[in-house]
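What follows is a single structure, written as structure tokens, with notes after it.
Please treat every number below as a calculation from the coordinates, not as lab data. These numbers were taken from a predicted model, which means no experiment stands behind them. Note: ideal-geometry Cβ built from the backbone for every residue, glycine included; neighbour counts use all protein chains shown.
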Amino acid sequence: MNGEELKQYIKRSGMSVAAVAEELGTSPQNLNAKFNRKSIKIDFFQKIKEIIDKCAPPLPAEMEEAVFGSNVNGSNSSNVSQSIGSDAALAAENKLLREQNEFLQSQVKTLLAIVGQK
């Protein structure tokens, strides 16, 4: 994943580069300079992912797969970065599915309560 793809990931998450920079304790200018480097270290990518997970709503699984399926530099093996991305995408999808399940269960309980009143 290059800096431009990472910026797009941040944008699609609903956060701004400035907000991510603030969470990282740096300026937007410094963050943009890191995005313009030839390679992005995996620990930097992980920090941004953690911020987005903490501050932004979960992304749809398709978007997670598109972002995390690409190659992250900073590792001796592209398979390592891809498996980390795949694991992160699966975790995000799992979280989203659990939230949807809880919501649907509450809707079923509400509907059963309404039907029981009639």
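Extending 7 Å from the Cα toward the beta-carbon at both Ala33 and Val17 defines two label points whose distance is 1.4 nm.
Modelled spin-label separation between Lys54 and Arg98, with each label point placed 7 Å from Cα along the Cα-to-Cβ direction: 1.9 nm. Pull up the cross-link candidates among the lysines for Lys95, meaning alpha carbon to alpha carbon under 27 Å and not fewer than 8 places away within one chain. Result set, ordered by chain and number: Lys7, Lys11, Lys41, Lys47, Lys49, Lys54, Lys109.
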